[in-house]
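Right, one structure below, let's go through it.
Read-outs throughout are calculated quantities, based only on the coordinates presented, and are distinct from any laboratory measurement. The shown structure was predicted, so the numbers you read here are calculated from the model rather than taken from an experiment. Backbone-built Cβ (ideal geometry, glycine too); neighbour counts: all protein chains shown.
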């Protein structure tokens, strides 16, 4: 049962007033309509309120419609902090640093793929390392790992994985400046050695899709999307490398909390003042992990492209398989935003939230300057995914942020129980979707019913105006870890 | 006595471990954790590793201990099954873990654990021994 203190602001937003919990410095705002409000857990509302107590928080503690409870910060959360008074918290980024999504276009039509779908999925499953205990095709020496941390996707391209032209279609050009390999623990180096170019497990995937509906012709055109066209979506992050960076720095932050006398309602919000060495060190390490993730998605894309070329016996030109965009949805970044009418630099934490910069923003590549930043929202494996674009309203309301996915509704255990005695792969096949997964229980955990309907989530951000729907993508073939 | 049970939590998964002593709870937490990754019946005790961890609290020690084992799995493919706690205080733990190299052909693949977390973390005395709750990020 949700508290009566919550106030509905309009069709798409709920306010968590600043007297909801003691110590709140700002209010909370949760983007949900009346449908998704029913799925809202009181624990995640508490988490939005807890984040509002952190020093130097600016505007409001926000959450997107795919909100669900996380560690300290809710997943789907957005929080921006002042650089003088504010803090940095690894919990506001999460364990999978720069978990994100990348979308590729092709010149293929759905009908070119469906007759051979099973074989194509099989080949991709063999080409792209996935699942528990899988090792990649790349072995990194400490020296190459250092270069990777500093150069991100550019490292991958220099190693022969992809084209230089890919880089401009990646958030931050696929490399965020300010990474420091000297702040990375030996353990993170070790975990990172064999995991570059691997998908991982859980909700990570590689999906062959087709465009089944266009909502905004002009933007779709600029992005290069049309109805019936085949696309490929890749969802993964910084793998064990990033998990270790987070693990290492949570310990550092635990100590920083007492050193700087920060009062916290929940120890998982452990943080340090932005200007402290602890926070700066974390950010430098986090950037190294973010770069690891961009290189990872670049390598996986490269092998996907090669597999498609091989399979369809065609040339790159004919296949037209190029990168549309790549977004990070677990990251903290220093960005310029307007606060009380003035330009101000803030440290924006997005944990399960996607950047959604508007048309004209200087960080966007030329091709998207007029339409706004492409926003890629993966759904569950049986329903749909979406392409949206960022808006001016996102810039003024949510520090240029929007949702990141469907959001879980069922626990893994519940999902497995619900799937007992069912062959999920066959149910999917009946719907025309071929799935392959490394893990025995992955398909059960990841079945559609375990998630909110991504269409409901996307409708809220579209109606709220913090991003705008461009196209809907339907799954054809799915590779899971 | 039951060694552990699964804690069901939205999005992730946890272990409630039981034991007559604190050492046993730490041991059973690790067994519980390994059994989330694969079925332990198929794991052989061919290789052993020494673990030594420290922390500033008993709860923190549990997190560090399990994260150390996750590290050995993720970096070196080591999956354990038999655990001997050699030395333990509230702040320090030394152990020997027997297991083998994880083989995706032979071992069932269950969950990929990113980390042991501080979420709902608990180590406490129970009616007949000790109990610990630990949640893993999946």
Inter-chain shielding of B:5-17 (mean C-beta neighbours from other protein chains, 10 Å cut-off)
4
Between helix A:277-311 and chain A: long-axis angle, C-alpha atoms, 0 to 90°, nearest 10
10
Tilt, helix B:58-76 to longest principal axis of chain B (alpha-carbon atoms), in degrees rounded to tens, equals 10
By how many degrees, 0 to 90 and rounded to 10, does the Cα axis of helix A:454-464 deviate from the longest principal axis of chain A?
50
Least to most buried among A:294, A:425, B:65 (fewest other Cβ within 10 Å first):
A:425, B:65, A:294
Which of rounded, prolate or oblate describes the stretch B:1-85 when judged by the alpha-carbon gyration tensor and an a/c cut-off of 1.5?
rounded
Within 10 Å of each Cβ in peptide A:327-336, how many partner chain Cβ atoms are there on average? Round it to a whole number, please.
0
Between the modelled labels at residue A:25 and residue A:276 (7 Å from Cα along Cα→Cβ) the distance in nm is 1.3
FRET efficiency for residue A:180 and residue A:336, Cβ-Cβ distance as r, R0 = 25 Å, nearest 0.05?
0.65
Going fewest to most other Cβ atoms within 10 Å around each Cβ, B:76, A:20 line up as B:76, A:20
So for the pair residue B:86, residue B:49, with labels modelled 7 Å out along Cα→Cβ, what separation do we get in nm?
1.5
Picking from B:39, B:128, B:90, which is most flexible by a Gaussian network model of chain B using Cα springs under 10 Å?
B:128
In this structure, the FRET efficiency calculated for residue B:39 and residue A:314 from their beta-carbon separation, with R0 = 60 Å, to the nearest 0.05, is 0.90
quick note, the protein assembly as shown, DSSP beta bridge pairs, % antiparallel (nearest 5) is 95
At R0 = 25 Å, how high is the FRET efficiency between residue A:107 and residue A:213 if r is their beta carbon distance? Nearest 0.05 is fine.
0.80
Computed on Cα atoms only, the convex hull of chain A has an orientation-averaged projected area in nm² of 20.7
Between the stretch A:231-260 and the stretch A:283-306, how far is it from one alpha carbon centroid to the other, in angstrom?
15
Averaging sequence separations of C-alpha pairs under 8 Å and six or more residues apart, then dividing by the length of chain B, give the relative contact order as a whole percent.
31
Residue A:455-residue B:122 pseudo-label distance in nm [points 7 Å out on the Cα-to-Cβ vector]
4.1
Residues B:105, A:427, B:41 in order from fewest to most other beta-carbon atoms within 10 Å are B:105, B:41, A:427
